[in-house]
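Just below is one structure, and these are the notes that go with it.
The values are calculated or read from the model by the stated rules, or taken from the named source; none is laboratory data. Keep in mind that this is a model prediction, so the values were computed, not measured. Don't worry about glycine lacking a Cβ; one is built from the backbone with ideal geometry, like all the others, and counts go over all protein chains shown.
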Amino acid sequence: MYLKEGCSLLLKVQKPIIPFVLNTNLNVKLLPESPNPSTEIKEFDVVKRLRQEPCVPLALQFFKSIANSNLFKHTPLTFEVMIRKLATDGQIDSVQYLLQQMKLQGFHCSEDLFVSVISVYRQVGLAERAVEMFYRIKEFGCDPSVKIYNHVLDTLLGENRIQMIYTVYRNMKRDGFEPNVFTYNVLLKALCKNNKVDGAQKLLVEMSNKGCSPDAVSYTTVISSMCELGMVKEGKELAGRFEPVVSVYNALINGLCKDNDYKGAFDLMREMLEKEISPNVISYSTLINALCSCGEMELSFSLLAQMLKRGCHPNVHTLSSLVKGCFVSGTTVEALDLWNRMVRGFCLEPNVVAFNTLVQGLCSHGNMEKALSVVSHMEENGCSANIRTYGSLINGFAKRGSLEGAVDTWNKMLTSGCSPNVVVYTSMVQALCRHSKFKEAESLIEIMSKENFAAPSVATFNAFIKGLCDVGRLDWAERVFIQMEEQYKCTPNIVTFNELLDGLSKTNRMEEAYGLTREISRRGLEWSSSTYNTLLHGSCNAGLPWIALQLAGKMVVDGKSLDEITMNMVILAYCKQGKAERAVQMLDQVSCGGGRKWRPDVISYTNVIWGLCRSSSREDAVVLLERMIREGIVPSVATWNVLVRRFILDDNLSE
């Protein structure tokens, strides 16, 4: 798709209608061949035919037709085979119908068959119906058992029906059934899923007191939950009460990595080896992933080498982590080379997650041609692109400024039957705004509001407001700001205000900008570093350097770190006030090891040189230029322009 001059942007926003084609020419033999039509068919032949028929509707059609042929009367076994087949296919209505037929014919359901029936309820997300069916179990000639109770509890766990879990559990104990380790593990998972870690720990004690020893699943469930909630220390203490297994160590390693305690994670790995518990691919991959995320590639590859030395082969998760790390700290060439070597060297079959990691990395580095090539290769290998794949591509095209690429990807996504989520919608809004297609962006937000699963978020409105402010459409941006609350019930955050502040600052409307800060305070929003820096920049440009310095002081009082942008603004403010010597002192404090994390850059030195030249300290400016070069900072065109203009002006005055 492309846009011609004078043509409007066309975005497909509805899924294409796919025609339903029904093949009515079914040339199949429903009844098994028999030399004598009057001969009764044996149960063995019916069971064999039902089990071998891959098409469930055809199997059901055969089941019904043979019953109507007067050649065979269904048995409990044939009913059970057919019900299991329907259950596997998720056909709940047909399962219920056949159960009723069994009941009418006086057949009893076995325990295993009833477990299969409950499994189908779980498969289709009907936990309440599973409980209703369970309480009718005796109607079908089947008595409740611990096994069936456990499957009902597990079905409820799948939908996080914690109150119903407690009710069924109480009924189980009332009926005189003793819970086993599987029962307790379901209860532990339910508690942990709802962040009730204290209750889970008490349940572990109850298990032991009742003679049901917790197993690896029990401890791993509780310790994993504790680590997820940041209770790594408490998790380690709990693990110390029994002989830990690899899954428990993995949970602790994951928790330590989330706390950025890599030393602690390595210590646990050493402890595993000392106890002769071999770390598995999850142990290594968890730590490798954490190291890659923070750019520690050398350490990651060292751990990979140790992993291989111990005979543990990497998996696709290891691959994804290392590729992601290459993109964080390296180049696309390194990432692609690593991908090819690992896929071929270890015979890995990348899944959609691994492919998406590669696509996202390529898109973040602006290599859209290669990203599209990877997506084509991915689909050729039977791995369908999903919403994350399309989202990465649209975001990549948006950042690159290619509206055509973003629109083409959007349309392909919808044609493939993949519905956009709020993240993809927001990326599309960004792409449209970059090309000043604000009407189209507004229309897209209106469409989002009609989609329950993709309502516009604050990030969507922030993208729209930023696009408008970037081109000076402040009146429209302010209207959108009002609409997002009143019409769309979306509360603005500090980023929203920052975008408006930036627009006001760029157009020198500082009085309105300061007024907006009062609204930020009224709403109880905390100023971010961007809030301060935007106001600092606007104040300096508006000839209000004293206000910029006051803002910097407020920033320190509020506990915000002064970054390089802030420091350069403070230097500029001093220079605009004619206090270039104070700006020089700031540079000197850094050189003398004043404890600041900030290091002056070319902008810092250029601002001070400009201030010195402005106050007719030409010689001091030249000295500062020499110092700048000695420190390895290369002067920019702006630096030389400041000096050249000053020298030309001085020469003209002397003449």
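Figures for the structure shown
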quantity: Selected residue [of a type in the set (A, V, I, L, M, F, W, C) and either surrounded by 21 or more Cβ atoms within 10 Å (Cβ to Cβ) or touching a strand residue (DSSP E or B) at 6+ places or on another chain (Cβ under 8 Å) (or both)] from I137, I148; calculated: I148
quantity: Any pair with Cβ under 6 angstrom, 6 or more apart, that starts in segment 466-487 at a residue that is in contact (Cβ under 8 Å) with a residue 60 or more places away in the chain and not assigned by TED's automatic domain parsing to the domain that holds T534 and ends at one that is of a type outside the set (G, A, S) and assigned to a helix (DSSP H, G or I); calculated: none
quantity: Flag for S213 being assigned to a helix (DSSP H, G or I) and either at pLDDT 90 or above or within 18 Å of S247 (Cα to Cα) (or both); calculated: no
quantity: Filter result for I118 (within 16 Å of V168 (Cβ to Cβ) and over 37 Å from the mean Cα position of the chain (by Cα)); calculated: no
quantity: Residue match in segment 474-496 (condition: of a type in the set (D, E), over 30 Å from D558 (Cα atoms) and out of contact with any strand residue (DSSP E or B) (no Cβ under 7 Å at 6 or more places or on another chain)); calculated: yes
quantity: Members of segment 137-174 found to be touching a helix residue (DSSP H, G or I) at 6+ places or on another chain (Cβ under 7 Å), basic (K, R) and either under 16 Å from V120 (Cβ atoms) or assigned to a helix (DSSP H, G or I) (or both), listed by number; calculated: K147
quantity: Candidates R170, R241 - the one that is under 30 Å from E274 (Cβ atoms), surrounded by fewer than 18 Cβ atoms within 10 Å (Cβ to Cβ) and not acidic (D, E); calculated: R241
quantity: Residue, surrounded by the fewest Cβ atoms within 10 Å (Cβ to Cβ), within segment 173-200, restricted to residues that are under 19 Å from K138 (Cα atoms) and touching a residue at least 24 places away in the same chain (Cβ under 8 Å); calculated: D175
quantity: Lone qualifier among R122, R129 - being in contact with a Ser or Thr (Cβ under 7 Å, 6 or more places away or on another chain), charged (D, E, K, R), assigned to a helix (DSSP H, G or I) and closer than 30 Å to S94 by Cβ; calculated: R122
quantity: Lone unmet requirement of (1) over 30 Å from G559 (Cα atoms); (2) at pLDDT below 95 for S521; calculated: (1)
quantity: Exclusive hit being free of Cβ contacts under 8 Å to residues at least 60 places away in the same chain, farther than 30 Å from G330 by Cα and surrounded by fewer than 19 Cβ atoms within 10 Å (Cβ to Cβ), set S364, S457, S419; calculated: S457
